């Protein structure tokens, strides 16, 4: 499965914490190390140091440089361990986000990293979407768009705007959520460097 890219986002708590401060710090260090090694043309060991971080989870890694988005890519579905998902999404956000040139070795030490750990996707009706709690995936035909739970909070969107913006992210008409597009919701534990 190919990673999905995501827009500018801030790191804010969206649901209760499943991951300890030590696990969060380990994942943030892992993301930095994965980027450093990728810039050197080297791989990283994807063996998780704990059983908890070895559990399959979807995850996104967001990079900021001097307060501006510098890359964001992740995996919606839990196709690999969280540890591997963070390492690979960090590398991809730094080097493969099509909206940006690859991160340079000079930029890498100054990156601020945010991580969003996703719950499994569940079907959701428009009236069930809670702004600030749910992220959304909208699918119709071969088009698919995703926005993380923190997006509508940052942009001060109401539920209908959030639904419409997720449709637009998929390349669909803004009202596709009212005309047969499939909606799936998820929550995310979001943490990062300020």
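Observations on the model:
- Candidates 171, 132 - the one that is within 16 Å of the chain's Cα centre (by Cα), part of a loop (DSSP other than H, G, I, E, B), farther than 24 Å from residue 53 by Cα and not assigned by TED's automatic domain parsing to the domain that holds residue 35: 132
- Residue among 103, 151 that is touching a residue at least 40 places away in the same chain (Cβ under 8 Å), assigned by TED's automatic domain parsing to the domain that holds residue 55 and in contact with a helix residue (DSSP H, G or I) (Cβ under 8 Å, 6 or more places away or on another chain): 103
- All of (1) buried (at least 17 other Cβ atoms within 10 Å of the Cβ); (2) in contact with a helix residue (DSSP H, G or I) (Cβ under 8 Å, 6 or more places away or on another chain) hold for residue 55 with one exception: (1).
- Among the residues of the range 135-168, those that are assigned to a helix (DSSP H, G or I) and surrounded by fewer than 21 Cβ atoms within 10 Å (Cβ to Cβ) comprise 153, 154, 155, 159, 160, 161, 164, 165, 168.
- Test: residue in the range 103-125 that is crowded, with 16+ Cβ neighbours inside 10 Å and assigned to a helix (DSSP H, G or I): yes
- The test for being over 12 Å from the mean Cα position of the chain (by Cα) and without any contact (Cβ under 8 Å) to a residue 60 or more places away in the chain holds for residue 55.
The values are calculated or read from the model by the stated rules, or taken from the named source; none is laboratory data. As the structure is a computational prediction, the values presented were derived from the model and not from experiment. Don't worry about glycine lacking a Cβ; one is built from the backbone with ideal geometry, like all the others, and counts go over all protein chains shown.
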